[in-house]
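What follows is a short report on a single structure.
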Amino acid sequence: MTVNTRTGGGNRDAAGPAVDRSEAPGLAPAQAGRWRRRHLLDLDQLTRDEIELVLDTAEAMREVLQREVPRVPALRGTTVVTLFYEASTRTRASFELAAKVLGADVINVSASGSSVTKGESLIDTVKTLRAVGADVLVMRHSASGAPYLAARHADCSVVNAGDGWHAHPTQALLDLFTLRSRFGNLRGLKVVIVGDVLHSRVARSNLWGLTAMGADVTVCGPPTLLPRGLRAEDRPDAPFEDALPPVRVETDLDEAIRDADVVMALRMQLERQEAGFVPSLREYSRRYQVNEERLARAASHVVVMHPGPMNEGIEISAAVAHGARSLVEEQVRNGVAVRMAVLYLLARRAV
Ligand code: NCD
């Protein structure tokens, strides 16, 4: 096991009972007391009330981030470990920053520098991290379901930071938070998710989150890039990644986008695809790129989202990605507040 960095505001032994957590406004113990879950693995099990609780907590966290010195001791004495078996920039950085702002100790472990490369099994790795004091394990893995396995074997909290094609709950929560900040309420909001839905864990978690919040969701893409589980006839034997809530499916983006309030473009996951899902990238862009011309069919107040990293010129035009309708930067900024909320609720939940 290689420990890359160890930083943070507190020390387990020094934390003691005298820690003043009251500096975090709106973070009355009641907030965490209403949260009962030990892990955050996906949004499929979360009720609307639970999602609202995360978003309300993120609101208080955003206020902390706007302070001159954005630091509160709310998680002093808590150790957060990030265990990433797959590349990441924003997700990992925002979890690390979130933990530090809350005064937690942070240990970053990457698979390439750890005993994982020597063949240590996932379960052994998780047990080792628990033995060195992990209270919350934030994990990304290329295999769908890996964080569920970790959660079964670790007596600490596990946060899924992306598993294979399956789920990415904190990305979906930050998308919901960004939309709630913009529109006030998600009920009836017309959201189009367009692109490589088949390979997108972001889309899957968003389908659960958006439908739980009452949004009116349309999924759009070439039939080869839409998951089987979206079609009712495939449901009975749907595999793990394909159990999804019912939504509208439309393969013509010009149709799907009509009157949309929100267009969420997904990255074409070139690294997860074998050849042959689309005839050519040029053809794909012609039919599915989110650009100014297409957005003219949407509501005049339409906003555009993308989880990043973006393939500009493929699924989204550069003008839209960086234009006035784009919420992309706001999504990244909100990622820190939402991850603070998740870490806080899991670590300080009522047991
Ligand atoms: C996403 C991911 O890794 O699942 N990115 C992210 O977390 N911001 C989306 C993607 O890779 O396309």
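Of the strands (runs of 3 or more DSSP E) lying entirely inside region 238-351, those containing at least 3 residues that are away from the ligand (no atom under 16 Å from the Cβ) are 248-250. Might you check whether a residue that is surrounded by fewer than 21 Cβ atoms within 10 Å (Cβ to Cβ), closer than 25 Å to Thr91 by Cα and out of contact with any strand residue (DSSP E or B) (no Cβ under 7 Å at 6 or more places or on another chain) occurs anywhere in region 298-310? Yes: one or more hits. Among the residues making up region 157-197, those that are part of a strand (DSSP E or B) and near the ligand (Cβ under 10 Å from one of its atoms) are Ala161, Gly162, Asp163, Ala167. Filtering region 66-104 to residues that are open to solvent by less than 20 Å² (accessible area, probe 1.4 Å) and within 12 Å of the ligand (Cβ to nearest atom) leaves Phe84, Thr91, Ser94, Phe95. With modelled with pLDDT under 95 and in a helix (DSSP H, G or I) as the only criterion, which of Asp49, Asp20, Asp124, Asp56 stands out? Going through Asp49, Asp20, Asp124, Asp56 in turn, the sole match is Asp124. Mind listing whichever residues of region 55-88 are in contact (Cβ under 8 Å) with a residue 12 or more places away in the chain, aliphatic (A, V, I, L, M) and out of contact with any Pro (no Cβ under 9 Å at 6 or more places or on another chain)? Hits for region 55-88 are Leu55, Ala58, Met61, Leu65, Ala74, Leu75, Val80, Val81, Leu83. Figure legend. Inter-residue proximity from region 150-173: first residues more than 19 Å from Pro309 (Cβ to Cβ) and in contact (Cβ under 8 Å) with a residue 12 or more places away in the chain, second residues small (Gly, Ala, Ser) and away from the ligand (no atom under 16 Å from the Cβ), beta-carbon distance below 6 Å, spacing 6+ or different chains. Indicated pairs: Cys156/Ala134; Val158/Ala150; Val158/Ala151.
Is there any pair with a first residue in region 290-312 that is among the polar types (S, T, N, Q) and a second that is in a loop (DSSP other than H, G, I, E, B) whose Cβ atoms are under 7 Å apart and which are 6 or more apart or on different chains, and what are they? These pairs meet every condition: Asn291/Ser317; Asn311/Arg267; Asn311/Met268. Considering Ser157, Ser142, Ser110, the condition of being of a type in the set (Gly, Ala, Ser), surrounded by 20 or more Cβ atoms within 10 Å (Cβ to Cβ) and closer than 30 Å to Leu207 by Cα is satisfied by Ser157 alone.
For Ala151, state whether it is under 21 Å from Asp44 (Cα atoms), more than 16 Å from the ligand (Cβ to nearest atom) and touching a Leu at 6+ places or on another chain (Cβ under 9 Å). The answer is yes for Ala151.
Quick grid of which residues meet (1) modelled with pLDDT under 95; (2) under 14 Å from the mean Cα position of the chain (by Cα):
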position	(1), (2)
Gly145	yes, no
Ala154	yes, no
Val159	no, yes
Leu176	no, yes
Asn185	no, no
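The values are calculated or read from the model by the stated rules, or taken from the named source; none is laboratory data. Computed from a prediction, not measured in an experiment: that's the story for all the values here. Neighbour counts are summed over all protein chains in view; Cβ atoms, including those assigned to glycine, are modelled from backbone coordinates with ideal geometry. These accessible areas exclude ligands, DNA and RNA; they are computed on the full protein's heavy atoms, side chains included. Shrake-Rupley method; radii C 1.70, N 1.55, O 1.52, S 1.80 Å.
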